[in-house]
Amino acid sequence: MEETFKHLTKLIKNSQKIIFMTHQKMDLDGFASILALSEVVSSFKKNSYILIDSKQTNTSIIKSFNQLKKDNLNFNFVYKNTVNKVIDENTLLIVLDIHKPTMVEMPNLLTKTNNIVVIDHHLKCKQYIQNTILSYINSNMSSTIEIVTSYLKYLNKVVHPTIATMMLAGMEIDTNSFNVKTTSSTFEAAAFLLKIGADNILKQELLKEDRDEYIERQKYIENSYMLNDNMAICTLDNKVVDNNVLAQIAEDLLQFDNVEVAFCIGYISKNKVGISARSIGKYDVERIMKNLGGGGHLTEAATQIKNINIESAINVLMNEIENE
Ligand SMILES: [Mn+2]
C-alpha cells in the first residue's frame, strides 16, 4: 500500500488539474473518500473538481451536501454537462469506490485523459478500467474510506471534522455497522477518524432515515419468508420503488437468525423488476445475479429484468438458486 501512496502523491504533485469521480448512484463511501482526497489535493495547492450527478436521491448524501453548506465547506462540483470544459488529456482522473468502467458516473470520461487512477475495495471483476496509470484494488478493505484513511495517516494529514464524520458514516454503511468485512484495521481507521474530530452525533444525523420509509420497509419485511434453511426472500407489491429500497430490505434481512443470504424483489419501473441480493460472505450472490443478467460483488449484487412480473421473476430466481 505504501508504494501506491507514494505513487499517488507523485501523480497529484505532477498534475495541474485533478477530477474525481465515483460510481453512479453515489454513496457516502465514494463521496466522503472524494471529499477527503480533494482536501489533500488542495493542500498540495492543486485544483480539484468533483464530478457529481445534478440529481441526488440518497438521503445521507443530501444531508451531507446540506452539512457542507452549513459549515461553509466549498468544493468545485462539476456536472456531466460542464465537466468536458474542465478535462483535457493531461488531467488526472481519480476514480474511487468502483473499477467497472460501465458503472462509473460518466463512462465516457474515461476516454478523455491518459491519466487515470483507480482506488477501490470491491472484489476485482473481469471487466475493469484498463488504461490506468495507477490502480489499487484491495478487497480486504472494508471500504474505500479505509484506504483513504490510511493515505491520510501516511501523509500525516487531517481533514475537516465534518469530512471525517462523513467518512465514519460511510464506513458504517459499507460495513453494515462494522459487521461485514470489518477487520482490526477497519476499527483503527475508525479510531483515527474519531481522533481527528469525527462527531458521533452528526454521524447519527447523517445516517438517520425518514420514518415513513422505515415503516414501509418493515411492512414488506413482515411478509418475508425463508426459501430454505439459510435464504430469506422478500417480495414487494405492485408499487414501483427505488433500487435503494430493495437493497436496504435485503440488507435488513441479513440481521435475522439463520439468514445467510437475502433477496428482495420488486418493481423498479412499470415493466422492470429489480432483484437485490445480499450475503453475509459465505455465499457468492454475484454469481446468481450475473446469471440473471446483473452483477455486483460477493456480498452484494443485483439485477434488473425487463418485461416480467414479480411472480415470474421469483420463479426465475428460484430456478437459478436450484441450479446452484
Ligand atoms: Mn464502497
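The values are calculated or read from the model by the stated rules, or taken from the named source; none is laboratory data. Keep in mind the model is a prediction, meaning the values are calculated, not measured. All Cβ positions, even for glycine, are placed from backbone atoms using ideal geometry, and neighbour counts span all protein chains on display.
Here are the numbers for this structure:
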| quantity | calculated |
| --- | --- |
| Residue within segment 218-227 that is within 30 Å of Ile163 (Cβ to Cβ) and either part of a helix (DSSP H, G or I) or touching a Lys or Arg at 6+ places or on another chain (Cβ under 9 Å) (or both) present | no |
| Evaluation of Asn58 against (1) within 16 Å of the ligand (Cβ to nearest atom); (2) modelled with pLDDT of 95 or more (one fails), failing number | (2) |
| Within segment 42-100, tally of residues that are under 22 Å from Asn114 (Cβ atoms) and β-branched (Val, Ile, Thr) | 10 |
| Per-region count, segment 104-124, residues within 16 Å of the ligand (Cβ to nearest atom), under 23 Å from His7 (Cβ atoms) and assigned to a loop (DSSP other than H, G, I, E, B) | 4 |
| Segment 141-166, residues that are within 13 Å of the ligand (Cβ to nearest atom) and in a loop (DSSP other than H, G, I, E, B) | Met141, Ser142, Ser143 |
| Test for Ile173: is it within 15 Å of the ligand (Cβ to nearest atom) and not basic (Lys, Arg) | yes |
| Leading residue by the ranking (nearest to Gly294 (Cα to Cα)) among those in segment 115-130 that are free of Cβ contacts under 8 Å to residues at least 60 places away in the same chain and in contact with a strand residue (DSSP E or B) (Cβ under 6 Å, 6 or more places away or on another chain) | Lys124 |
| Flag if Val41 is over 20 Å from Glu209 (Cα atoms), free of Cβ contacts under 8 Å to residues at least 60 places away in the same chain and not acidic (Asp, Glu) | yes |
| Identity of the residue in segment 1-51, among the acidic types (Asp, Glu) and within 16 Å of the ligand (Cβ to nearest atom), that ends up farthest from Ile62 (Cα to Cα) | Asp29 |
| Boolean, Tyr225 is of a type in the set (Ser, Thr, Tyr) and touching a residue at least 24 places away in the same chain (Cβ under 8 Å) | no |
